[in-house]
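Every read-out reported here was derived from the displayed coordinates using simple, explicitly stated rules and does not represent laboratory data. Because the structure is predicted, anything quoted here is derived from the model rather than measured. Methodologically, a virtual Cβ is constructed for each residue, glycine included, from the backbone with ideal geometry; neighbour enumeration extends over all protein chains shown.
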Amino acid sequence: MLEIHSLVSGYGALTVLHDVSLSIGDREAVAIVGANGAGKTTLVRTICGLLRARSGRVLKNGVDISQTPTHDMADHRIAVVLENRRLFGELTVRENLLLAERRGRGARKVFDWADIYALFPMIEERLETPVNLLSGGQQQMVAIARALLLQPNLLIMDEPSTGLAPKVVKDILNVIKELRGRGMALLLVEQNVGIASAITDRAYVLALGRIEHEIQPGAWDTFLKDERLVKAYLGS
Amino acid sequence: MTLSLILQALQAGITNGFIYALVGMGLAVIFRGSRVINVMHGEFSVVGAMTTVLVLTAAKYPYWFAIIAGLLTGPAIGALIELTLVRPMIRQQATEDQFVLLTIGLERAIAASVLFFIGRDGHLLPAFGGDHVFIVFDVVIREHSLWLIAIAIIVVIALREFFRRTTLGLALTAASIDADGAATTGINVARMRTLTFVLGGLLGAIAGILITPLIAVDYTTGLPITLKGIAAAVLGGFTNPLGAVVGGLTLGIIESLVIVGVSSGYKDVLTFSILIAIMIFMPHGILGRGGRGGG
Ligand SMILES: Nc1ncnc2c1ncn2[C@@H]1O[C@H](COP(=O)(O)OP(=O)(O)OP(=O)(O)O)[C@@H](O)[C@H]1O
Ligand SMILES: [Mg+2]
């Protein structure tokens, strides 16, 4: 599904990611965990083309997408929910979603409006509400819905749980589980390992821009119990 | 001062106000889409009007054809500026003041070109509806003013509907609200920016062609048009193209009342003093904050 080879990326003179390699299989859910400033967001922005890699390659289903502009990621069936959601605040929920739906047209249709309403009942009720009047949790749902209407088979999310109440986080986790059930591959960036472990098969631990550790399938519990490891990599 | 004198001034103010509105809307569209304060905006009007004059008089084509030719110069110049100058500068991460310098330079360069190729003479276009006038309550209204107002209103409504109802208009708004969010929604943000210059150029050219039957246009006309447009746009909050309509009409009416009430010599002094006062007391424009941009 997604293969990243020796990615190097950063801002100006600052190199943030050093030789990052990872892969995600079909239908697989993989987490990237790491402390503040580890380079998680930089990795997401580099994968989706908002930041140009200095070197290294990103392959989607075998196709090199490292030069693909961000707005064409949908053609490769990749959708991203950026950190802080990045919705169009003054536009209504419907308008936010419509833009993605129009762009996703022509692709193989996986999610239509009815699917969106089924996943997020709140959206159908708030269609005409400007997005900036919604609560943080509702906004996160709109952001995920917007990504889904691009008809991806790989969904990348950068800290979807940040700043949300536990109840809302649980709702969002349930949606993500439902998506996994439908075969969506997932790259989830999370600082909260509790959340990451609940919905992903395995994980990479990013520290100071390098993959320092891999958590294999079934090894989440051992990792979480190893206080020394958790402290060393996540600083908590 | 008689009532009919005031009414006469009001109708002139409203006519001018709609021109300021069109120019201000174009400036606001470009500012919202690219954060560029386009000092050369008035040159869209000058080049649009001059092209119409030339195609009409030198090439002897019919008026409608000359108008279309003049209108097309706005989008063409807008696209050219965005693609060849603004886009590379954005790639170099130019700052806002560098863009202001760019558009000041373009303003001077285009004005100089007009002087070089067309000369010092002012040019007029034929009025729409000829020299026909209406007289209502002793107020003389040229038929052209009515055409101008009607066309301006149609343009305002069309622009509003474009931003509100079309996917392209929504995408333009989305790209200006959050470029990264737009890119990840599949919107080509750079193309949207080019489009804002195309749209801004068109609005500038429309204003130029509509005003030229009333005021002779020459190589010096561009900058004053820009200044009035900036005033209209700032009064309207600058990021809301429809705010510029309110701003432009306010400006036109204040200006015309100053002329009858005080003297035309004080026109700009008083008008701009009032504008500065409005900006101090209403820093987000007459409409205030919170209205959705473009809608
Ligand atoms: N736009 C930028 N310009 C310069 N440096 C940046 C920029 N964005 C991030 N950095 C730096 O890059 C490093 C990695 O930041 P990044 O945002 O990728 O971390 P993160 O793992 O996502 O952190 P967080 O958990 O806080 O979201 C940090 O040292 C940060 O200061
Ligand atoms: Mg981050």
Overall Cα dimensions of segment A:2-234 - principal axes, largest extent first, Å | 47, 38, 32
If you take the beta carbon distance between B:I157 and A:R210 as r and set R0 to 41 Å, what does 1/(1 + (r/R0)^6) give as a FRET efficiency, to the nearest 0.05?
-> 0.10
In segment B:16-139, with Lys and Arg counted as +1 and Asp and Glu as -1 at Cβ, which of these residues, B:A66, B:L85, B:L115, has the Cα nearest the positive end of the dipole, that is, farthest along it?
-> B:L85
Rounded to the nearest 0.05, what FRET efficiency do A:L59 and B:I215 give with R0 = 45 Å and r taken as the Cβ-Cβ distance? Could you check?
-> 0.15
Coordinate range along principal axes, alpha carbons of the protein assembly as shown, Å, largest first = 91, 46, 42
Which whole-number percent gives the relative contact order of chain A, counting Cα pairs below 8 Å spaced six or more residues apart?
-> 28
Given just the C-alpha atoms of segment A:1-56, how large is their convex hull per residue in cubic angstrom?
-> 77
Dipole check, segment B:3-291, charges on Cβ (K,R +1; D,E -1), about Cα centroid: among B:G33, B:F99, B:L257 the Cα furthest to the positive pole belongs to B:G33
Once label points are set 7 Å from the Cα along Cα→Cβ at both B:T84 and B:S264, what is their separation, rounded to one decimal in nm?
-> 3.9
Cleavage-rule hits, trypsin sites (Lys or Arg not before Pro), segment B:97-144, DSSP coil, Cβ neighbours within 10 Å at most 13 | B:R120
To the nearest 0.05, how large is the calculated FRET efficiency for A:D75 and A:R182 if R₀ is 25 Å and r is the Cβ-Cβ distance?
-> 0.75
Could you state the per residue volume, in Å³, of the convex hull enclosing the Cα atoms of segment A:76-155?
-> 81
Ranked by GNM mean-square fluctuation in chain B (Cα springs under 10 Å), the top entry among B:I68, B:I211, B:I14 is B:I68
Sparse-neighbour loop sites [trypsin sites (Lys or Arg not before Pro); segment A:126-221; at most 15 other C-beta within 10 Å; DSSP] = A:R182
When the chain is fully extended, how far beyond the present Cα-Cα distance does A:Y11 get from A:D26, taking 0.36 nm per residue of separation?
-> 2.3 nm
Sequence-distant or interchain residues sharing an amide H contact under 5 Å with B:N38, placed H: which?
-> none
State the answer as a single residue: which of A:Q191, A:Q67, A:T162 lies farthest towards the positive end of the charge dipole of chain A, with beta carbon charges of +1 for Lys and Arg and -1 for Asp and Glu, about the Cα centre.
-> A:Q67
Mean separation of Cα contacts under 8 Å (6+ apart) over length of segment A:98-236, as relative contact order % | 18
Semi-axes of segment B:3-291 from the Cα gyration tensor (sqrt of 5 times each eigenvalue, largest first, whole Å) come to 30, 23, 18
Rounded to the nearest 20 debye, dipole of segment A:22-171 from Cβ charges on Lys, Arg, Asp, Glu | 420
